[in-house]
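One structure is given here, and the rest of the page talks about it.
The values are calculated or read from the model by the stated rules, or taken from the named source; none is laboratory data. Just so it is clear, the structure is predicted and the values come from calculations on it, not from any experiment. Neighbour counts run over all protein chains shown; Cβ positions are idealised from the backbone, glycine included.
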């Protein structure tokens, strides 16, 4: 939907974008953003040039949050807070979201090569 609005120049979504920007920033700042669901959200947002222009700080903070390991000594996509290794399909999606987001946001982490 984000790219459809952008590509087709559909008007009227400005209030929605403002609300999304506010809610995303609040979620990221208050720590309600992590794991595979956060990685999927970040990937979707980074695919939209509008999102990159409207909520860059929230996206930068989201990248930092998904790139920080929840389990000391583990790559962030490898383990859950309970210490269980996550499913391989989640590992690929999570790692890919980090690499894609860091490129689109021009916010390099030290995880791209490890991913």
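Consider the stretch 85-110 and keep the residues that are in a loop (DSSP other than H, G, I, E, B), touching a helix residue (DSSP H, G or I) at 6+ places or on another chain (Cβ under 8 Å) and under 13 Å from residue 64 (Cα atoms). The one that is modelled with the highest pLDDT is 107.
Number of residues in the stretch 48-65 that are modelled with pLDDT of 85 or more, within 14 Å of residue 3 (Cα to Cα) and surrounded by 15 or more Cβ atoms within 10 Å (Cβ to Cβ): the value is 3. Residues that are in a helix (DSSP H, G or I) and either surrounded by fewer than 13 Cβ atoms within 10 Å (Cβ to Cβ) or without any contact (Cβ under 8 Å) to a residue 24 or more places away in the chain (or both) within the stretch 8-26 comprise 14, 15, 16, 18, 19, 22, 23, 26, listed in sequence order.
Only one of 33, 43 is touching a residue at least 12 places away in the same chain (Cβ under 8 Å), in contact with a helix residue (DSSP H, G or I) (Cβ under 9 Å, 6 or more places away or on another chain) and either assigned to a loop (DSSP other than H, G, I, E, B) or on the phi > 0 side of the Ramachandran plot (or both); which? Step by step, each of 33, 43 is checked, and only 33 is touching a residue at least 12 places away in the same chain (Cβ under 8 Å), in contact with a helix residue (DSSP H, G or I) (Cβ under 9 Å, 6 or more places away or on another chain) and either assigned to a loop (DSSP other than H, G, I, E, B) or on the phi > 0 side of the Ramachandran plot (or both).
This table checks each residue for (1) farther than 27 Å from residue 91 by Cβ; (2) at pLDDT below 80; (3) touching a strand residue (DSSP E or B) at 6+ places or on another chain (Cβ under 6 Å).
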| position | (1), (2), (3) |
| --- | --- |
| 8 | yes, no, no |
| 16 | yes, no, no |
| 30 | no, yes, no |
| 46 | no, no, no |
